[in-house]
Amino acid sequence: MKTRRSDRLIDMTHYLLERPHALISLTFFAKRYESAKSSISEDLAIIKRTFKARGIGILETIPGAAGGARYIPSINEVETRDFIVSMTEKLSEKDRLLPGGYVYLSDLLGKPEVLRQVGRVIARQYLDKQIDAVMTVATKGVPIAQSVSSYLNVPFVILRRDSKITEGSTVSVNYVSGSSERIEKMELSKRSLKRGSNVLVVDDFMKGGGTVNGMKSMIEEFESKLVGITVFAEASFEGHRMIDDYTSLLKVDKVNTLNKTIKVSAGNYLEKVFGEK
Ligand SMILES: O=P(O)(O)OC[C@H]1C[C@H](OP(=O)(O)OP(=O)(O)O)[C@H](O)[C@@H]1O
């Protein structure tokens with residue numbers, strides 16, 4: 001039975017939102033709703049216009065027999081700025097300060113609505129890049145990598161600092177932890193990343209940059225390409241940071257362990273993605 005436009009629009013929107021970056025053919029929708037392709041094209045034009053006006057994302061429409069529609073998740077500048085401002089206020093709370101200039105983030109990065117926004121914001125930075133995998137290191141980077149990968153619709157891979165029999169044979173790299181000046185090791189299962197992959201590195205926090213540098217080394221071991229590095233927050237670091245080309249949503253400018261104050265500002269994301277205002 002032919003489906004009414006109002007019902008088609010709701011179901012089509014849901015179907016597209018559930019499958020980011022997947023190309024869905026007009027033929028598929030025409031059969032699903034027992035409607036003409038011309039009606040489906042009009043439906044998609046309505047969805048495309050609304051997605052753009054509401055900052056939901058981009059609906060690419062590809063003409064021709066092999067064409068169709070593809071939903072590209074995104075987030076607009078106003079919503080991004082509002083989110084980053086709200087996170088700077090949260091991170092500035094006194095009781096978040098940890099020894100060594102770290103900041104307690106696990107409660108924030110355990111909240112589904114925060115993780116959804118972090119994933120959208122980071123994925124938006126790379127929506128026009130070819131990404132084959134999102135990479136992070138266990139443990140606190142994992143929820144961020146999972147969220148970003150869901151918006152990019154690509155797998156995420158997890159490096160570990162400990163060996164696990166369940167990972168099978170692994171590639172191991174040593175790296176200098178900038179924060180602790182210690183030699184650390186991280187491993188990745190040989191099965192998890194194809195050679196020649198385009199890899200996006202994400203993590204929750206960057207201090208000395210040693211961990212991210214270790215992930216860079218691992219990408220080289222897999223003969224793959226580092227497309228970008230984006231962290232939720234970075235700490236100011238007096239030493240020599242081993243990484244200079246990265247993006248951070250937030251920056252912990254100053255911590256005062258005596259009166260337990262933390263000064264947090266926006267990282268370089270807004271400037272890199274939207275240009276400084
Ligand atoms: O820039 P660096 O000086 O290398 O520090 C950033 C590391 C340290 C911390 O991880 P840990 O708390 O050590 O490990 P886990 O995420 O497993 O809690 C954080 O999640 C980053 O991965």
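The values are calculated or read from the model by the stated rules, or taken from the named source; none is laboratory data. From a predicted model like this one, the values you see are computed outputs, not experimental measurements. So basically every Cβ, Gly included, is an ideal-geometry build from the backbone, and we count neighbours across all protein chains shown. With ligands, DNA and RNA removed, areas are computed over all heavy atoms of the protein, side chains included. Shrake-Rupley method; radii C 1.70, N 1.55, O 1.52, S 1.80 Å.
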Assuming R0 = 45 Å, what is the FRET efficiency of ARG182 and TYR15, from their Cβ-Cβ distance, to the nearest 0.05? 0.35
Net charge dipole size for the range 178-259 [Lys, Arg +1 and Asp, Glu -1 on Cβ; Debye, nearest 20]: 300
Report the Cα centroid-to-centroid distance between the range 109-175 and the range 206-245 in angstrom, as an integer. 14
What's the carbon and sulfur percent of the range 184-230's accessible surface, probe 1.4 angstrom, rounded to a whole number? 38
Hey, for a label at GLU271 modelled as a point 7 Å past Cα toward Cβ, could you say which residues of the range 231-257 have their backbone N under 15 Å away? 234-237, 244-253
What percent do you get for the relative contact order of the range 98-256 when only Cα pairs under 8 Å and 6+ apart count? 20
How far is helix 77-91 tilted, in degrees, relative to the longest principal axis of the Cα atoms in the chain, given as a value from 0 to 90 rounded to the nearest 10? 30
Which angle from 0 to 90°, rounded to the nearest 10, does the C-alpha axis of helix 112-125 make with the longest principal axis of the chain? 80
Scoring only Lys, Arg, Asp and Glu (+1, +1, -1, -1) among other residues with Cβ under 11 Å from the Cβ of GLY168 yields +1
Accessible surface, per residue, of the chain when the full set of protein chains is kept, probe 1.4 Å, Å²: 51
When the expected Rg is taken as 2.2 N^0.38 Å, what fraction or multiple of it is the alpha-carbon Rg of the chain? 1.14
Please give the length that would be gained between ARG191 and ILE46 if that part of the chain were fully extended, namely 0.36 nm times their separation in residues minus their C-alpha to C-alpha distance (nm, one decimal). 47.9 nm
Can you figure out the FRET efficiency of GLU113 with ASP244, using R₀ = 25 Å and their beta-carbon distance, to the nearest 0.05? 0.20
Whole-Hz ³J(HN,Hα) from phi, Karplus 6.51 cos²θ - 1.76 cosθ + 1.60, for the range 146-156, glycine and proline x: 5, 5, 4, 5, 5, 6, 8, 6, 10, x, 10
So what's the angle, to the nearest 10 degrees on a 0 to 90 scale, between helix 5-17 and the longest Cα principal axis of the chain? 30
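Find out how many positive minus negative residues lie around GLY141, taking Lys and Arg as positive, Asp and Glu as negative, among other residues whose Cβ is under 13 Å from that of GLY141.
Counting the neighbours of GLY141, the net charge comes to +1.
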With +1 on the Cβ of every Lys and Arg and -1 on the Cβ of every Asp and Glu, and nothing else charged, how large is the dipole of the chain about its Cα centre, in debye rounded to the nearest 20? 700
If amide H atoms are modeled at 1.01 Å from N in the peptide plane, then the residues at a separation of 5 or more from VAL227, or on another chain, having amide H under 5 Å from its own are VAL199, LEU200, VAL201
If r is the Cβ-Cβ distance from THR261 to LYS90 and R0 is 22 Å, what FRET efficiency results, to the nearest 0.05? 0.90
Restricting to DSSP H runs of at least four residues, report the calculated mean residue ellipticity at 222 nm for the chain, -39500 (n - 2.57) per run over all residues, nearest 500 deg cm²/dmol. -11000 deg cm²/dmol
